[in-house]
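A short worksheet on the structure shown next.
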Amino acid sequence: MAGYGLKLYAESMGIDMEEEEAARQVKLFRTTYHEIPHLWHRLEDAAMRAVRVPGTWTAVQPVAFAQPSVFGGYWEYQYKRKPIASFSYDGTFLFCWAASGRYLTYYLPEIDEDHEFTWTTPEGEQKTVRKPSLSYMGIDQKSTGQAWQRITTRGAKLYENLCQFICRDVLWNALEQVERDPGLEILGDVYDEI
C-alpha cells in the first residue's frame, strides 16, 4: 500500500499514523512534487537499460521545468543538460556515476521481466501488476542473517542510495576542511554531524 512505508517511518519516530492518512499524505506528496516520482522512474529505467545493454552509459538529467500537457492528463518535462547520474553495466557490476565523480556499485544485477507487485489501495482494494524489476546481490540490512541474497530495488530506492551517497561526499568534504583548520578538532562524526 502506498503509505505503508510512511506509516512505519512515522511509528519509528513516535508518531501514530493510520494507514489511510499515510496513503493520503503519500498521494498528496507525489501529486504536488510530481517531478520526484518522475525522477524515480527515470533512474530505474536508466539502470535497467544499462543492464540490458552492457558497456553503454545511460544518463539521467534532472527536471529543469515541468508544465501540464496541452493534451491534458500528464506533465511535459524539460531536462537540464548535466546528468544527476549515469548507469553502466560491465557484466558483473552495475555502476551508478554521481556528479562527484565517484561510483555506487550494485553486484550481479538482474532484471526479472515478469515480477509481480501487489499493493492495497487507500480504498482497501488489492491491486496486482506484472512489470520488470531490477535486483542485485547484497546483504539485506532488514534481514536477521548476514547471508548474501538477491535484493529487489526500484527507482525510489536508487534515488535514496544516490542521495545518501552525495551526502557522504558532502560530509567527507566538510571533514577535510575542518581537519585543515588548526583551530578546530574533530572529536567524531555521526551521520551528518561533525
Evaluate the following for Thr144: is it within 26 Å of His41 (Cα to Cα) and either polar (S, T, N, Q) or at pLDDT 95 or above (or both)? no
Residue list for region 33-51, restricted to those being over 19 Å from Cys163 (Cβ atoms) and of a type outside the set (D, E, K, R): Met48, Ala50, Val51
I'd like the full set of residues that are open to solvent by less than 70 Å² (accessible area, probe 1.4 Å) and either closer than 18 Å to Arg102 by Cα or outside any strand (DSSP E or B) (or both), limited to region 59-76. Ala59, Val60, Gln61, Pro62, Ser69, Gly72
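Conditions (1) within 30 Å of Ala64 (Cα to Cα); (2) of a type outside the set (S, T, N, Q), marked per residue:
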| position | (1), (2) |
| --- | --- |
| Lys82 | yes, yes |
| Phe87 | yes, yes |
| Ser100 | yes, no |
| Phe117 | no, yes |
| Ala147 | no, yes |
| Leu162 | yes, yes |
| Trp172 | yes, yes |
| Glu176 | no, yes |
Name, by its number, the condition in (1) in contact (Cβ under 8 Å) with a residue 60 or more places away in the chain; (2) assigned to a loop (DSSP other than H, G, I, E, B) that does not hold for His41. (2)
Please go through region 152-194 and give me each residue that is in a strand (DSSP E or B) and over 30 Å from Glu116 (Cβ atoms), ordered by number. Val190, Glu193
Within region 77-105, of all residues that are of a type in the set (Ser, Thr, Tyr) and touching a helix residue (DSSP H, G or I) at 6+ places or on another chain (Cβ under 8 Å), the one surrounded by the most Cβ atoms within 10 Å (Cβ to Cβ) is Tyr89
If I filter region 50-58 for residues that are open to solvent by 90 Å² or more (accessible area, probe 1.4 Å), among the polar types (S, T, N, Q) and more than 21 Å from Arg154 (Cβ to Cβ), do I get at least one hit? no
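Out of all the residues in region 126-143, is one or more of a type in the set (Gly, Ala, Ser), over 23 Å from Gln164 (Cα atoms) and assigned to a loop (DSSP other than H, G, I, E, B)?
No: zero hits.
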Taking the stated definitions as given, is Leu8 closer than 19 Å to Thr153 by Cβ and either assigned to a helix (DSSP H, G or I) or open to solvent by less than 50 Å² (accessible area, probe 1.4 Å) (or both)? yes
Pick from region 116-140 the residues that are over 16 Å from the mean Cα position of the chain (by Cα) and of a type in the set (S, T, N, Q): which of them is modelled with the highest pLDDT? Thr128
Only one of Pro83, Pro54 that is part of a loop (DSSP other than H, G, I, E, B) and at pLDDT below 90: Pro83
Among Arg180, Arg154, which is the only one that is surrounded by 11 or more Cβ atoms within 10 Å (Cβ to Cβ), charged (D, E, K, R) and on the phi < 0 side of the Ramachandran plot? Arg154
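The values are calculated or read from the model by the stated rules, or taken from the named source; none is laboratory data. All values reported here derive from a predicted model rather than from experimental measurement. Reconstructed Cβ throughout: ideal geometry from the backbone, glycine too, with neighbour counts over all protein chains shown. All accessible areas refer to the heavy atoms of the entire protein, side chains included, with ligands and DNA or RNA removed. Shrake-Rupley method; radii C 1.70, N 1.55, O 1.52, S 1.80 Å.
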